[in-house]
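None of the figures in this text is laboratory data; all of them are computed from the coordinates on show. Predicted, not measured: the structure shown is a model, and the values here were computed from it. Note that we place each Cβ from the backbone using ideal geometry, even for glycine, and neighbour counts take in every protein chain shown.
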Amino acid sequence: AEGVETTGQLELLRSFGCNQVQGYLISRPLPMEQLLTYLRLEASQADASQSG
C-alpha cells in the first residue's frame, strides 16, 4: 500500500493481509546516502529476527 501516514491506516491494512507498505509513517524521503544506511539497518534487523 502506498501513502501510509498513520498507525491506524497501517493496522487496517494489516487486518486486510497487506504486508508491504510505504509512506511517511515508515520514512520521509531521504537523500541517497541516508536511504542506503536505512536499508542496511532494516536488512540487518530482518536477518537478526530470522536467526534468533
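Observations
- Subset of region 9-52 [among the polar types (S, T, N, Q) and either touching a strand residue (DSSP E or B) at 6+ places or on another chain (Cβ under 6 Å) or not in a loop (DSSP other than H, G, I, E, B) (or both)]: 9, 15, 22, 34, 37, 44, 45, 49, 50, 51
- Residues within region 1-23 that are surrounded by 11 or more Cβ atoms within 10 Å (Cβ to Cβ) and farther than 16 Å from residue 42 by Cα, tallied: 10
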